[in-house]
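> I have a structure here, written as structure tokens, and I will follow up with some questions on it.
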Amino acid sequence: MTNFYPAQYNKDGLLDIRHNYLQEQFKDSSEIFKLIEQVVRMGDFTLGSSVDQFEVNFANKIGTKYAVGVGSGTDAIFLTLKAININQNFIAKPEVITSPFTFYATIGAISTADYVPVFSDISLDDFNIDPNGIEDKITENTKVILPVHWAGRICRMTEIKNIANKYNLNVIEDACHAILASNDGIMAGNFGDAGCFSFHPLKNLNVWGDGGIVVTDSKELSENLKLLRNHGLIDRDTCSLFGYNSRLDTIQAVIANYLLQNRIDFITNARIKNSQIYDEGLGDLKYLRIPKRKPNLKEVFHLYTFLAEDRNNLAKYLIKNKVDAKIHYPKPMHLQPAAAKYGYGKGDFPMAEYASENIISLPVHEFVKADQINQIVDLINRFYS
Ligand SMILES: *Cc1c(COP(=O)(O)O)cnc(C)c1O
């Protein structure tokens, strides 16, 4: 099996308006190279001082007490699931209730953490888990609800937390799409026991490789996460529990810190502005169902995504016109080959299936210009006329 990424990036590169904008993102990296040079000179590679600084800065930015840097967004979820039940020996496998309409990593993390993913359908209003369906999925083995803030829109957390409190469950937010997203001014990562973020090159805050972080107000959870990410070591010669190697790389922490201080507000605001141009241009088209915006929700538009009639042909038409229309994602998690062992089938989550068949994403990142968006709006109008 060959690595499919280079071929995918080359293919995307042929389009005029793309989802992939990695070259533009770091056109001027001289400042970052200077900072990295200091790390290299000092040999401060493993859990270096930049990791500590970034953790403090990130927690301050989000508004939590603690932040623990880890190897990726996937590991952020995986390690949090491990840490939250660190001394428990469950007789039956513990269950996590989550969305079937997510990126593979959410379910991969649940599965490798040795929990069973239990899906609960989404709402087509926001593509997030529908709180009304959750209670039916709770069993004596349920331990965690893991909502995913899809595309950068926060889930209906008040309802989710009420259910969690009633049944004494933990809540872990998959906030990988949702850095700086908020509800009534409270940012993603503050609603659950912990929030998990990714710094993958295609996420809103994107480092030069992989990275992730967990935020929490629990001192105990943050300390357990620090142990688990670094072999369970209290000091060089004392291993308090056998853990993992999933530290946030010091060099990636340098980059993440730079982006947090210099770029993320700009990136977020540009995405919001771009989405408003789409909203205005496409809002009246009866062939589309665009999520209704809510004044109390700040969406950060990791994706600009909506339901479209004749979706497959629309996507083809846009790509033919050199616009990188993408499908996130054409198949929900319960219908993936990897999920066969959980015994789900077609028809189990009709809303997630409907979304997968009808959803489309348009480029919304900070390098897409207003006139390019208007071009895309014109193309879509032409397609339906
Ligand atoms: C990207 C992503 C992850 C995983 O993040 P990585 O840093 O790529 O491991 C988890 N959940 C969602 C919803 C994501 O989009």
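The values are calculated or read from the model by the stated rules, or taken from the named source; none is laboratory data. What you are looking at is a predicted structure, and each value in this text was computed from that prediction instead of being measured. A quick note on method: Cβ atoms are made from the backbone with ideal geometry, for glycine too, and the neighbour counts reach across all protein chains shown.
> Within the stretch 167-179, restricting attention to residues that are of a type outside the set (D, E, K, R) and buried (at least 24 other Cβ atoms within 10 Å of the Cβ), which residue is nearest to the ligand (Cβ to nearest atom)? Steps first, please.
Applying the first criterion (of a type outside the set (D, E, K, R)) to the stretch 167-179 yields 167-172, 175-179.
From what is left, the residues that are buried (at least 24 other Cβ atoms within 10 Å of the Cβ) are 172, 175-179.
Working: ILE172: 11, ALA175: 9, CYS176: 4, HIS177: 5, ALA178: 9, ILE179: 11 Å.
Ranking the candidates gives CYS176 first.
> LEU22 passes all but one of (1) crowded, with 16+ Cβ neighbours inside 10 Å; (2) at pLDDT below 85; which number fails?
Of (1) crowded, with 16+ Cβ neighbours inside 10 Å; (2) at pLDDT below 85, only one is false for LEU22: (1).
> Return a yes/no flag: does the stretch 295-315 have any residue that is part of a helix (DSSP H, G or I), in contact with a helix residue (DSSP H, G or I) (Cβ under 6 Å, 6 or more places away or on another chain) and more than 30 Å from VAL68 (Cβ to Cβ).
So the first thing to find is which residues in the stretch 295-315 are part of a helix (DSSP H, G or I), and the list is 311-315.
Still in the list and also in contact with a helix residue (DSSP H, G or I) (Cβ under 6 Å, 6 or more places away or on another chain): 311, 314.
From what's left, more than 30 Å from VAL68 (Cβ to Cβ): 311, 314.
Scanning the stretch 295-315 turns up at least one residue that is part of a helix (DSSP H, G or I), in contact with a helix residue (DSSP H, G or I) (Cβ under 6 Å, 6 or more places away or on another chain) and more than 30 Å from VAL68 (Cβ to Cβ).
> Can you confirm whether ALA164 is modelled with pLDDT of 95 or more, surrounded by fewer than 24 Cβ atoms within 10 Å (Cβ to Cβ), hydrophobic (A, V, I, L, M, F, W, C) and within 16 Å of the ligand (Cβ to nearest atom)?
Answer is no for this residue.
> For the stretch 316-328, what are the residues that are of a type in the set (A, V, I, L, M, F, W, C) and in a loop (DSSP other than H, G, I, E, B)? Even if it seems obvious, please write down each step before you answer.
So in the stretch 316-328, the residues of a type in the set (A, V, I, L, M, F, W, C) come out as 318-319, 323, 325, 327.
Matches in the stretch 316-328: ALA325, ILE327.
> Could you please let me know if TYR115 is within 16 Å of the ligand (Cβ to nearest atom) and either in contact with a helix residue (DSSP H, G or I) (Cβ under 7 Å, 6 or more places away or on another chain) or not aromatic (Phe, Trp, Tyr) (or both)? Full working, then the answer.
Values: within 16 Å of the ligand (Cβ to nearest atom): yes; either in contact with a helix residue (DSSP H, G or I) (Cβ under 7 Å, 6 or more places away or on another chain) or not aromatic (Phe, Trp, Tyr) (or both): yes.
Judged against the criteria, TYR115 is a match.
> While we're looking at this one, here's another question. Just the residues that are farther than 16 Å from ILE267 by Cα, within 15 Å of the ligand (Cβ to nearest atom) and outside any loop (DSSP other than H, G, I, E, B), please, taken from the stretch 198-230.
Within the stretch 198-230, the subset farther than 16 Å from ILE267 by Cα is 208-230.
The next check asks that each one be within 15 Å of the ligand (Cβ to nearest atom); those that pass are 208-215, 229.
Residues satisfying the conditions are GLY212, ILE213, VAL214, VAL215, ARG229.
> Starting from the stretch 206-218, take each residue that is touching a residue at least 12 places away in the same chain (Cβ under 8 Å) and list its partners that are acidic (Asp, Glu), counting only C-beta distances under 8 angstrom and pairs at least six apart or across chains.
Once the first residue is touching a residue at least 12 places away in the same chain (Cβ under 8 Å) and sits in the stretch 206-218, its partners that are acidic (Asp, Glu) give GLY209/ASP249; ASP210/ASP249; GLY211/ASP249; GLY212/ASP75; ILE213/GLU55; THR216/ASP193; SER218/ASP193.
> For the subset of the stretch 27-78 comprising residues that are β-branched (Val, Ile, Thr) and in a loop (DSSP other than H, G, I, E, B), which member is nearest to GLN252 (Cα to Cα)? Even if it seems obvious, please write down each step before you answer.
Initial filter on the stretch 27-78 (β-branched (Val, Ile, Thr)): 32, 36, 39-40, 46, 51, 56, 62, 64, 68, 70, 74, 77.
Filter again for in a loop (DSSP other than H, G, I, E, B), leaving 46, 64.
Values: THR46: 11, THR64: 21 Å.
Among those residues, the one meeting the criterion is THR46.
> Also: Filter the stretch 89-131 for residues that are out of contact with any Ser or Thr (no Cβ under 8 Å at 6 or more places or on another chain) and part of a helix (DSSP H, G or I); which is surrounded by the most Cβ atoms within 10 Å (Cβ to Cβ)?
So, considering only residues that are out of contact with any Ser or Thr (no Cβ under 8 Å at 6 or more places or on another chain) and part of a helix (DSSP H, G or I), the one surrounded by the most Cβ atoms within 10 Å (Cβ to Cβ) is PRO131.
> Further question: So, in the stretch 132-161, how many residues would count as being assigned to a strand (DSSP E or B), without any contact (Cβ under 8 Å) to a residue 60 or more places away in the chain and within 12 Å of the ligand (Cβ to nearest atom)?
If we filter the stretch 132-161 for residues that are assigned to a strand (DSSP E or B), which is where we start, we get 142-146, 148.
Next, from what is left, pick out any that are without any contact (Cβ under 8 Å) to a residue 60 or more places away in the chain: 142-143, 145, 148.
Keeping just the survivors that are within 12 Å of the ligand (Cβ to nearest atom) gives 148.
Qualifying residue count for the region: 1.
> Quick one: THR305 ticks every box in (1) out of contact with any strand residue (DSSP E or B) (no Cβ under 7 Å at 6 or more places or on another chain); (2) surrounded by 21 or more Cβ atoms within 10 Å (Cβ to Cβ) except a single one, so which number is it?
(1)
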